[in-house]
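Read the structure below first, then the notes.
The values are calculated or read from the model by the stated rules, or taken from the named source; none is laboratory data. Model, not experiment: these values are computed from the prediction. Cβ: placed from backbone, ideal geometry, glycine included. Neighbour counts: every protein chain shown.
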């Protein structure tokens, strides 16, 4: 090839690069949605929009999140494991004076620097004790939603105990931008947030790419939904599950309305839409993870394996069912890659750019992920509270650790932790509620084996975690060394005591207080 030909090819490539449009990115995050709560997983709950959209894109069937709200959202926004940000323990409660560290560069900041219009609607739950922690100070140009972790779907009031004052406050938590907003009492939050999201889409001008983060309140408790969504589920006898099913249907309709708004606005052909849950289903409020073991708050598959899909015309192989290992921390580098955005200035990422894996399925960039290491773990809703498994938990708590295992690793195996490497999953310490929660009408399943402080499963062959095989495989030594490696680089846990200055008063609103 002569110089002219080389120059011509180079110019053609350059023109293609310059002509390439940055895709719009719409990320819809459900709250507490269970594995068995979508139609395409065989649920009795009808989710026609989720089924259709996922069928047109790529269903992510080996996708992992955190077992709780704040840690998952933290990893989504930072691309980093929570052990690297100090948020590895529980959630941020309304009166705790901390947030995602302010020296972390968040996803909306990265995309905004790349020329995106960035908007957020819905649940923040990443800290709000001072204004620098608010979404509008962390990269979002607009925000409509609430700052704490849960609230009433109609009044938008959050009730929370303030332990230092020994009182419970119920106060408004809804704001437009940084200002508390009123006038929405009686509007169901799933519909309200969807309307705000579709307004943003309709008002968006295509001269800039759009990043829209819609963090729905649904289907987190309390179990509340307009009656019209419950009517199709009279066949479900359990009242809690029936109401929950209506909440899922309302959420499904919301996702359908967002996708329609993108099409009506002429944005759909250049949009990547991601749907994800933040953690496994909460069985105490009607969620279900069958056939996976465990629930929200636990490190079993039912707590950390999430419903997710990616859809839109930019998916090169629609109809894909991906069995590749993908983690919620992967979205930041993936979106940055699609946007041509720089992650320079960010702290070292734990996520990978998985776009080729999702869109083209050529291979797997990830073979390992850390679920968590939490030395302070306490299950605030122990399994025996609903199942009568007090004896089982007592047996675990009094179990002695075999000396041989203790000698093999310096990692403290009494610590609540889990790691996945290829097909292997290792759990240490108490993993959380160990039950299987079958669909309504199914026989209640008890845990027959005694839990151990070190448990190994081949989750590709045994995704239900029924057969514990640590006694058969030496792989545990390698996995314990990996946990020790992560523990050495973990940041100290940030989990401060409640600050009484958070008190909104008898007629106020939850608001930054420092």
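Overview of values
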| item | result |
| --- | --- |
| Residue within the stretch 215-226 that is touching a residue at least 60 places away in the same chain (Cβ under 8 Å) and closer than 22 Å to residue 335 by Cα present | yes |
| Check on residue 491, touching a residue at least 40 places away in the same chain (Cβ under 8 Å), crowded, with 17+ Cβ neighbours inside 10 Å and within 30 Å of residue 126 (Cβ to Cβ) | no |
| Test: residue in the stretch 118-127 that is surrounded by fewer than 16 Cβ atoms within 10 Å (Cβ to Cβ) and over 16 Å from residue 509 (Cβ atoms) | no |
| Hits in the stretch 156-177 - residues which are surrounded by fewer than 19 Cβ atoms within 10 Å (Cβ to Cβ) and in contact with a strand residue (DSSP E or B) (Cβ under 8 Å, 6 or more places away or on another chain) | 157, 159, 161, 167, 168, 170, 176, 177 |
| Index of the failed condition, residue 66 passing every other in (1) more than 22 Å from residue 292 (Cα to Cα); (2) under 16 Å from the mean Cα position of the chain (by Cα); (3) in a loop (DSSP other than H, G, I, E, B) | (1) |
| Conditions (1) free of Cβ contacts under 8 Å to residues at least 60 places away in the same chain; (2) within 24 Å of the chain's Cα centre (by Cα): number failed by residue 263 | (2) |
| Test: residue in the stretch 273-280 that is assigned to a helix (DSSP H, G or I), at pLDDT 95 or above and either in contact with a helix residue (DSSP H, G or I) (Cβ under 7 Å, 6 or more places away or on another chain) or surrounded by fewer than 23 Cβ atoms within 10 Å (Cβ to Cβ) (or both) | no |
| The listed residue being within 26 Å of residue 83 (Cα to Cα) and more than 15 Å from the chain's Cα centre (by Cα), out of 328, 373, 358, 315 | 373 |
